[in-house]
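Encoded as structure tokens, the structure appears first; notes follow it.
Quick note: the coordinates plus some simple rules give every number you see, no bench work behind them. As the structure is a computational prediction, the values presented were derived from the model and not from experiment. Note that each Cβ is placed from the backbone with ideal geometry, even for glycine, and that neighbours are counted across all protein chains shown.
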Amino acid sequence: MTDSSFIAYLSDEKRYSQHTVRAYRDDLNEFSAFCKRVFEIEDPSVSDHQIVRSWVVELMQEGKNPRTIRRKLSCLNAWFRFLMTTGKVSSNPVRKVVSPKIAKRLPVFVEESRIESLFSATIFPDTNVGIRDRLIMELLYGTGMRRAELVGLKIGDVRGDAIRVLGKRNKERIIPITVPLKELITQYLPVRTEISQGKESEILLLDDKGNNISPEFVYKKVNYYLQQVTSLEKRSPHVLRHTFATHLLNQGADLNAIKELLGHSSLAATQVYTHNTIEKLKSIYNQAHPLAG
């Protein structure tokens, strides 16, 4: 079951990313299959809260991560709210279902010394591809932008000492860049012409075949280069985003400023980085204070 009108609503009106729309569609199909298999219900929109709760129980028994289950419930909640606005149902059964609790996890980040090693060592090859790869890493760490934002970055988005980023819900923000990063972009542009192999595109970063970079391409590059300087198990583009925010906070940056740079809609999403700072302060205190031991 795929509610095409709901999917179109997510894509066209809510402006959700293709990744999110695909995840919501898969979640709806999964719930529909559950309703048919367990309760012999062909139309999942007639489900009550007990059916939704039964689905949650099954997901938990299968060992699904609480964060994954909460996302699936969020999908159902959005769908039923959509059905209510269109008059197809009169109530939202998800409101009566309690979501599983999620243990708080501190954002994973790379230590400053490791980042210095990344950009000071001869890790990046002295080739056109090496310049492109270094720019990918420096843009992610130097601006804190998301992977999807990097993939969609256009040549025209580079505006002097700043970069225009189109974030979630098509929300635009301007991020300042350092002089070295600006110089690297200037160095890359002639290289980009060679990499493009004559293909026309507005996208700033291209892959080895001259095509627009993909999210998978970026992940592989980040994973490879971070592996050269850190033993962290998680080495994704989002780790560089966490690293950007954590390093700024450790150096005394204002939390509200970091919120704007990251494109967070609320300060609560940014406050998670203060936990890393507190842990650092605790470590320093335990090492330095005479009575701490």
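Taking θ as phi - 60°, what are the ³J(HN,Hα) couplings along the range 224-238 by the Karplus curve (6.51, -1.76, 1.60), each to the nearest whole Hz, with x for Gly and Pro?
5, 6, 5, 4, 6, 10, 9, 9, 4, 6, 8, 9, 9, x, 5
Per Stokes-Einstein, at 37 °C and 0.692 mPa s, what whole-number D in µm² s⁻¹ belongs to the range 4-96, with the Kirkwood radius over Cα pairs as the hydrodynamic radius?
Estimated via Stokes-Einstein, D reaches 242 µm²/s.
Could you tell me how many degrees, from 0 to 90 and to the nearest 10, lie between the Cα long axis of helix 179-196 and the main elongation axis, the longest principal axis, of the Cα atoms of the chain?
80 degrees
Quick one: which residues, 5 or more positions from Ala162 or on another chain, have an amide H under 5 Å from its amide H? H modelled 1.01 Å from N in the peptide plane, none for Pro or chain starts.
Excluding prolines and chain starts, which carry no amide H, the hits are Ile177.
Work from the charge dipole of the chain (Cβ charges, +1 for Lys and Arg, -1 for Asp and Glu, about the Cα centre) and give the residue of Val97, Pro237, Val38 farthest towards its positive end.
Farthest along the dipole direction, towards plus: Val97.
How large is the charge dipole for the range 112-286, taken about the Cα centre, if only the Cβ atoms of Lys, Arg (+1) and Asp, Glu (-1) carry charge, to the nearest 20 debye?
Here the range 112-286 has a charge dipole of around 500 debye.
In whole Hz, what ³J(HN,Hα) sequence does the range 256-272 give by Karplus (6.51, -1.76, 1.60; θ = phi - 60°), x for Gly and Pro?
5, 5, 5, 4, 5, 5, 7, x, 6, 7, 9, 5, 4, 5, 7, 5, 4
Over all alpha-carbon pairs in the range 112-286, figure out the percentage whose distance exceeds 30 Å.
Counting pairs separated by more than 30 Å, the tail of P(r) holds 17 percent.
In the P(r) worked out for the range 58-199, what percent of Cα pairs fall beyond 23 Å?
59 percent
Working from Cα positions, state the angle (0 to 90°, nearest 10) between the long axis of helix 49-61 and the longest principal axis of the chain.
Tilt relative to the chain: about 50 degrees.
If you place +1 on the Cβ of every Lys and Arg, -1 on the Cβ of every Asp and Glu, and leave all else neutral, what size is the dipole of the range 1-134 about its Cα centre, to the nearest 20 Debye?
Here the size comes out at about 460 debye.
Pick from Leu139, Leu83, Leu255: which residue has the top mean-square fluctuation in a GNM of the chain where Cα pairs under 10 Å get a spring?
Fluctuation is largest for Leu83.
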